[in-house]
Amino acid sequence: MKFLISLLMFAGVMMAKPIIAVSIPMQKEFVEKIAKGEYEVIALVKPGVNPHDFEPKFSDVKSVNQAKAYFSIGIEFEEQWLKRFANQNKAMKIYPSNVGVEVINFGNMEEHDEHGHDGHDDHNEEEDSHHSHENGDTHIWLSLSNAKIIAGNIYEGLKTINPKGNYESNYQALIRDIENLDRQLKEALRGLPKNQKFVVFHPMLGYFARDYGLEEVSIEVEGKTPTIKDMMEVVEVIKKENLKIIFAQPEFSTKTAEFIAKESGAKLGYFSPLEIPWGKNLLDFAKKLKELYEK
């Protein structure tokens, strides 16, 4: 009996798929589409979790310690944790999937100059998100042009991990899916005025706005909690331009967004940059935006 149990345990180990670790669900989706079941793919940061001050759980660290490879994407927690992961799992190769992506620098974004978000002397401790955006907008995956680059980097990484793998057709199918989504998004947004503004609590859709001729108005600026002055300036912009909705991010406190929605008369909606399916998440956002401004 003991021999049979040992044999079954050995067989289970032999049949286990090698692990690939990634930072966010969108990468997991892309790896799975290109590798088609060859690996067990784990995403560390999940929907509902604040990616800016994320701390991996013990179970996450344990999985990464067994991983064959890690695909990074340039979000904040990686700066500290990738070195630890590499030290603990020296056999694991790290592949940056953000190579070649041009990052938006918040200091150069028009909306911050326009709405006077230049000072944060007053401090709201309750809603302080304690994160930094020194490296610019890290939500690079919310752009379809960036998504193609990310997909290409993952494809090249997978070929390096397994040179015998046949990933070409799956990769090309993913690129076609991204291009098809681009057409759907353009159709969904057709008719919106050029540079149509939309309001978010946390700056997360700057790349999407850039790609489709929209303008993101962020309540929070550079990771800092907005002052009362900042909030009232956003309220005035919403009223003046008849903006219909404020998109709060479920991963953060929504109290400030709720206050501004009440003061301005705008609706309160929700958008998570971590939600999957990735394409459906972006298309749902575009449709919601168009629906509100068609009324």
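Check region 266-282 and report whether any residue there is within 30 Å of Lys28 (Cβ to Cβ) and free of Cβ contacts under 8 Å to residues at least 12 places away in the same chain.
Within region 266-282, one or more residues are within 30 Å of Lys28 (Cβ to Cβ) and free of Cβ contacts under 8 Å to residues at least 12 places away in the same chain.
Between a residue in region 222-235 that is farther than 15 Å from Thr254 by Cα and modelled with pLDDT under 90 and any residue that is of a type in the set (Phe, Trp, Tyr) and crowded, with 18+ Cβ neighbours inside 10 Å, which pairs come within a Cβ distance under 6 Å, given they are 6 or more apart or on different chains?
Here the result reads Glu222/Phe106, each pair linking region 222-235 to a residue that is of a type in the set (Phe, Trp, Tyr) and crowded, with 18+ Cβ neighbours inside 10 Å.
If I ask for residues that are aromatic (Phe, Trp, Tyr) and open to solvent by 10 Å² or more (accessible area, probe 1.4 Å), which ones from region 78-95 would you list?
Residues satisfying the conditions are Trp81, Tyr95.
Looking at Lys57, Lys28, Lys46, which is the one that is open to solvent by 10 Å² or more (accessible area, probe 1.4 Å) and without any contact (Cβ under 8 Å) to a residue 12 or more places away in the chain?
The match here is Lys57.
Looking only at region 173-192, decide whether some residue is in contact with an Asp or Glu (Cβ under 6 Å, 6 or more places away or on another chain), buried (at least 17 other Cβ atoms within 10 Å of the Cβ) and at pLDDT below 95.
no
Restricting attention to region 158-174, report how many residues are in contact with a helix residue (DSSP H, G or I) (Cβ under 9 Å, 6 or more places away or on another chain) and assigned to a loop (DSSP other than H, G, I, E, B).
Counting residues in region 158-174 that are in contact with a helix residue (DSSP H, G or I) (Cβ under 9 Å, 6 or more places away or on another chain) and assigned to a loop (DSSP other than H, G, I, E, B) gives 3.
Go through region 62-77 residue by residue and tally those that are more than 21 Å from the chain's Cα centre (by Cα) and either open to solvent by 20 Å² or more (accessible area, probe 1.4 Å) or of a type in the set (Val, Ile, Thr) (or both).
Looking only at region 62-77, we keep the residues that are more than 21 Å from the chain's Cα centre (by Cα), and these are 62-63, 65-68.
Within this subset, residues satisfying the condition of being either open to solvent by 20 Å² or more (accessible area, probe 1.4 Å) or of a type in the set (Val, Ile, Thr) (or both) are 62-63, 65-66, 68.
Number satisfying all stated conditions: 5.
The values are calculated or read from the model by the stated rules, or taken from the named source; none is laboratory data. Fair warning: this is a prediction, and the values are worked out from it, not measured in the lab. Cβ: placed from backbone, ideal geometry, glycine included. Neighbour counts: every protein chain shown. Side chains are part of the model used for accessible areas, which takes the heavy atoms of the whole protein and leaves out ligands, DNA and RNA. Shrake-Rupley method; radii C 1.70, N 1.55, O 1.52, S 1.80 Å.
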